[in-house]
Amino acid sequence: MKHKQILATLFLLPGLAAPALAASSLPGPAFPQFNNAAQVNAACTLGLGAAKQRVVALERRPVNAGWLAAFDDFYAFLEDTQYPLEFVLNVHPDAVVREAAQACSLRWADFSSTFEQNAAVYRALKKAPQADAIDAELVRLSAGVFEDGGVALPKLKRQRAKALLDQISELDQRFNKNIRDAGTVVAFTEAELSGVPGGVWKAAKRDAEGRYLLGVDYPSYLPLMQSADDAGARERMWRAKINEGGDANLALLADITRARHQLAGLFGFDNYADFNLRRKMAKNAATANAFLADVKSRVVEGELKDLSELRAAKAQQLGTSLSSTTVNRWDTSYYAERIRRERFSVDQEAFRTYFPPQESLLFALRVIEQLMGVRYTPVAADLWHPDAQAFVVSDAATGKPLAQLYVDLYPRAGKYNHAAVWPLRSSATRIGRTSTAALVVNFDRRGLTLDEMETLLHELGHAVHNNLSSTRYASAGGTRVMQDFVEAPSQMLEDWVYDKQVLKLMAEVCPTCQPVPDALLDKAVAAKDYGKGSRFARQHFFASYDLALHAAAVPDPMALWARMEEASPLGHVKETRFPAGFAHLAGGYGAGYYGYLWSLVLAMDLRGEFKADKLSPAVGQRYRNIVLGQGGQKPAPLLVREFLGRDSNSKAFFDDLTR
Ligand SMILES: [Zn+2]
């Protein structure tokens with residue numbers, strides 16, 4: 001359930017962007033088409049050239065009442081110019097185009113790190129007349145970006161900061177490319193696939209010996225880990241996935257964390273975690289660590305209990321004694337699933353029949369329509385791949401088009417292999433600018449499990465945050481909120497899939513779909529809390545590792561991981577490299593992974609308002625206006641306070657954790 005936010009900044013160039021079909025029905029620009037590397041390179045050069053001219057114009061502009069609007073115009077230009085390329089490098093079907101976009105992305109990173117040290121623009125930003133609190137917050141947010149870029153540092157340190165930031169961008173790109181292009185496949189005989197649903201492997205390619213070749217993408221990986229009776233098969237799949245980034249990525253992650261440490265040093269911080277957290281809700285690593293310790297204290301018992309149950313299930317299945325039975329990391333999903341099936345007789349696979357992918361998408365959109373007073377209308381559009389689809393989001397009451405949504409549902413070679421949303425464009429009420437979000441997941445064409453439906457709602461939550469933002473400035477739009485808040489709106493919605501009233505909406509978008517039987521959902525609800533101790537213990541572990549790694553003076557990602565994991569109940573497995581695939585850490589979530597748990601506290605608090613009715617249009621629209629609509633133009637704690645009528649607290653979260 002990863003959410004990826006583009007942290008860098010964007011284009012649409014005359015002559016290069018092929019017009020989309022029915023472009024007039026899209027409120028924003030058509031998606032730019034890149035058919036070969038030459039088009040990418042030409043668009044890149046043209047966009048960067050235009051951006052540089054605009055910087056000069058901004059530097060020369062008198063600092064008067066219109067300055068903040070001009071600054072925001074520039075931001076909007078960057079979104080339209082740079083973001084499509086940053087996105088295309090993750091989803092384009094043609095490797096040549098992806099690689100050209102990746103090279104272009106580095107040129108943009110160089111542009112951004114130069115711009116963020118532009119003292120003239122920074123001074124003007126701080127001096128620009130502010131009409132109200134929204135203007136003041138824009139200045140505070142944007143000045144922070146310049147300051148983090150090193151604008152206020154003395155010359156030598158400033159140069160060093162730019163070099164480090166450019167280096168980090170490049171290393172992060174290589175890290176992600178290694179995963180995207182790994183193309184890992186694992187060969188299994190039919191016997192080894194015993195227990196795995198045939199739909200997962202029967203149509204797969206086979207090698208010369210007739211073995212089935214399965215990728216490590218989610219539609220293959222998850223069902224195999226949950227249902228392959230052969231422990232050796234599970235182990236091979238698990239090892240293939242966990243080693244995907246390889247030693248190359250371990251080295252890259254070490255370089256990235258070292259560069260971050262040096263960067264923090266330039267600002268007088270002795271570690272990157274404190275440097276990075278100072279503008280977030282948590283404010284510093286000590287607060288984040290104290291929060292994590294609190295979480296840990298409440299899940300430690302549950303984790304051990306879960307583990308002993310897994311061991312008992314394994315001993316029973318294999319007919320071994322409890323004391324001689326060891327649970328391995330490749331056993332956990334399998335035995336947890338067995339317990340879930342036996343104890344709660346719930347089978348995630350059973351949901352696929354009820355949740356065909358396209359209908360599931362329409363259902364999820366219908367939930368948002370009902371709740372937030374909007375309409376989604378599918379429109380024809382030329383996008384990056386024939387599987388991708390476009391929707392216009394409009395206000396239900398006025399019919400006014402508000403936004404565009406792109407959706408890319410299925411896995412394919414070279415595509416980003418997790419679930420994420422790219423906010424491609426932010427809205428700005430001052431110029432009637434509409435927003436665009438792209439939702440990217442990797443679902444099985446046979447249908448979704450309930451867990452995957454949760455993922456869909458989660459990602460849609462990010463898209464809605466972008467799409468329904470109604471801020472004055474694009475540069476404060478949608479998901480440009482504090483990073484330890486950004487997951488909250490998405491996490492809040494995950495719970496919606498367990499509600500019968502909500503699931504009934506499926507009949508409105510798919511009259512021929514069989515409704516999920518009440519009994520099946522009841523079982524899923526009963527099973528929901530099962531394994532919570534282990535799940536939260538793992539999240540806690542990831543977050544603690546991330547903070548520890550970014551607090552170290554000489555970071556050694558693999559050694560630290562092995563040491564910390566060795567101390568966990570399941571221990572560390574030699575020759576495995578989890579950090580090599582931990583893209584959050586290499587990218588924008590470095591020292592920020594705790595934000596998933598931190599946001600969850602807020603999500604559960606927000607969810608309380610929907611307790612009586614998860615489809616209440618009154619509460620939904622209040623939420624849309626007070627929280628989503630405000631994007632980053634008010635600080636996150638204030639948004640939450642205005643919606644709840646009080647400050648947020650962790651009661652709902654901790655009650656749920658120990659339930
Ligand atoms: Zn997310």
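FYI, it's all coordinate maths here, none of it is from the lab. Every value quoted in this text rests on a predicted model; they were computed, and no experiment measured them. A quick note on method: Cβ atoms are made from the backbone with ideal geometry, for glycine too, and the neighbour counts reach across all protein chains shown.
From the square roots a ≥ b ≥ c of the eigenvalues of the alpha-carbon gyration tensor of segment 23-179, which class results: rounded (a/c under 1.5), prolate (a/b over b/c), or oblate? The shape class here is oblate. The mean sequence separation of alpha-carbon pairs under 8 Å and at least six residues apart, normalised by the residue count of segment 99-185, gives a relative contact order of 36 percent. The listed peptides 176-187, 221-232, ordered by packing as a protection proxy, come out as 221-232, 176-187 (highest mean of other Cβ atoms within 10 Å first). Placing +1 on the Cβ of every Lys and Arg and -1 on the Cβ of every Asp and Glu, with no other charges, gives segment 220-296 a dipole of roughly 360 debye about its Cα centre. Entry note, segment 94-249: relative contact order of 20 percent, from Cα contacts under 8 Å with a spacing of 6+ residues. What's the center-to-center distance, using Cα atoms, between segment 424-456 and segment 117-142 in Å? With segment 424-456 and segment 117-142 each reduced to a Cα centre, they are spaced 31 Å.
Think of the chain as a dipole: +1 on every Lys or Arg Cβ, -1 on every Asp or Glu Cβ, centred on the Cα centre; then among HIS418, ALA403, PHE267, PHE267 lies furthest on the positive end.
Only helical runs count toward this figure. For the chain, summing -39,500 (n - 2.57) over DSSP H runs of n ≥ 4 and dividing by all residues gives -17000 deg cm²/dmol at 222 nm.
Look at the Cα gyration tensor of segment 183-243: its axes a ≥ b ≥ c give a/c under 1.5, and that counts as rounded.
Net charge in the neighbourhood of ARG279 (other residues with Cβ under 13 Å of its Cβ; Lys, Arg +1, Asp, Glu -1) is 0. Taking the charge dipole of segment 530-659 about its Cα centre, with +1 at Lys and Arg Cβ atoms and -1 at Asp and Glu Cβ atoms, the residue from LEU600, TYR623, MET564 reaching farthest to the positive side is TYR623.
The lysines within cross-link reach of LYS157, meaning a Cα-to-Cα straight distance under 29 Å and a gap of 8 or more places when in the same chain, are LYS52, LYS126, LYS127, LYS280, LYS283. Segment 341-399 and segment 531-596 have their alpha-carbon centroids 33 Å apart. Can you bin segment 478-539 into rounded, prolate or oblate? Criterion: square roots of the alpha carbon gyration tensor eigenvalues sorted a ≥ b ≥ c, rounded for a/c under 1.5, prolate for a/b above b/c, oblate for the rest. Cα axes put segment 478-539 in the oblate bin. For segment 60-147, a simple Cβ point-charge model (Lys and Arg +1, Asp and Glu -1, everything else neutral) yields a dipole of about 440 debye relative to the Cα centre.
For the chain, the dipole from Cβ point charges (+1 on Lys and Arg, -1 on Asp and Glu) about the Cα centre works out to 1280 debye, to the nearest 20. Across segment 173-313, Cα pairs under 8 Å and at least six residues apart give a relative contact order of 19 percent. Comparing LEU448, GLY195, ALA652 along the charge dipole axis of the chain, the residue lying farthest to the positive side is ALA652, per the Cβ-charge model. Residue ranges 643-655, 396-408, 362-374 sort as 362-374, 396-408, 643-655 when ordered by packing (mean number of other C-beta atoms within 10 Å per residue, highest first).
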